[in-house]
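What follows is one structure encoded as structure tokens, with my remarks underneath.
The values are calculated or read from the model by the stated rules, or taken from the named source; none is laboratory data. The structure displayed is predicted, hence computed values, not measured ones. Using ideal geometry, Cβ is built from the backbone for each residue, glycine included, and neighbour counts are taken over all protein chains shown. The protein model used for the area step is the full one, side chains on, heavy atoms only, and it has no ligands, DNA or RNA in it. Shrake-Rupley method; radii C 1.70, N 1.55, O 1.52, S 1.80 Å.
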Amino acid sequence: RSYLILDRKNSDDENFYVLGFFALALKILTVDPEKLTRKQKKDMNLLRDQDGIPSYFIAQLGKNDMFKHNFKGEYLLDEAVNLVYECMELLGGTIVWLEANKGADYIVNFYKNYGFIELQSEVQEDGIERIQLVKYLNVE
């Protein structure tokens, strides 16, 4: 499901401005249990012989460059993660994750500063290597 963040101050009945957007999905996070630490397995509630975890996936995250100086990316992540918390209350789950292209250090650091942890990387069907970053919402 996709969500738009609108500029309510400068919008009217005929015109509105999109500040940013994000998309959330339920998706299986596939992992290799052999490569995970004991703590990672515990944080993920990973069962023996389980190689996939149902989780919340931030599929897209973007902001409108027209507003880049007065609209922060952290606000978009706040909105997405807060929505995941609401979903957790109804459906359960403990993990939210996203992906970033390997080599996009600015983006990866942005996610890490927000509390995401680099989990693994993989070359995907389109031939691009992406880093998967997770945030454990059950861990304080």
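Quick notes on this one:
- Hey, Asp65 surrounded by fewer than 17 Cβ atoms within 10 Å (Cβ to Cβ) and touching a helix residue (DSSP H, G or I) at 6+ places or on another chain (Cβ under 9 Å) or not: no
- Residue within segment 52-59 that is touching a residue at least 40 places away in the same chain (Cβ under 8 Å), part of a strand (DSSP E or B), surrounded by 12 or more Cβ atoms within 10 Å (Cβ to Cβ) and touching a Pro at 6+ places or on another chain (Cβ under 9 Å) present: no
- Of the residues screened, Asp126 is not one that is within 14 Å of Leu24 (Cα to Cα) and either touching a residue at least 12 places away in the same chain (Cβ under 8 Å) or charged (D, E, K, R) (or both).
- Subset of segment 118-129 [within 13 Å of the chain's Cα centre (by Cα) and either of a type in the set (S, T, N, Q) or surrounded by 15 or more Cβ atoms within 10 Å (Cβ to Cβ) (or both)]: Leu119
- Scanning segment 60-74 for residues that are outside any helix (DSSP H, G or I) and touching a residue at least 24 places away in the same chain (Cβ under 8 Å) yields Gln60, Leu61, Gly62, Lys63, Asn64, Phe71.
- In a residue-by-residue description of segment 5-28, the property of being of a type in the set (S, T, N, Q) and at pLDDT 80 or above applies to no position.
- Residue match in segment 16-39 (condition: more than 25 Å from Asp78 (Cα to Cα), in contact (Cβ under 8 Å) with a residue 24 or more places away in the chain and among the hydrophobic types (A, V, I, L, M, F, W, C)): yes
- Residue ID - most open to solvent (accessible area, probe 1.4 Å), chosen from residues in segment 75-85 that are within 12 Å of the chain's Cα centre (by Cα) and touching a residue at least 60 places away in the same chain (Cβ under 8 Å): Glu79
- Restricting attention to segment 93-140, the residues that are acidic (Asp, Glu), more than 20 Å from Gly52 (Cα to Cα) and either at pLDDT 95 or above or not in a helix (DSSP H, G or I) (or both) add up to 2.
- Positions within segment 106-117 being open to solvent by less than 70 Å² (accessible area, probe 1.4 Å) and of a type in the set (Phe, Trp, Tyr), in sequence order: Phe110, Tyr111, Tyr114, Phe116
- Residue in segment 16-30 that is hydrophobic (A, V, I, L, M, F, W, C), in a loop (DSSP other than H, G, I, E, B), farther than 19 Å from Val123 by Cα and touching a strand residue (DSSP E or B) at 6+ places or on another chain (Cβ under 7 Å) present: yes
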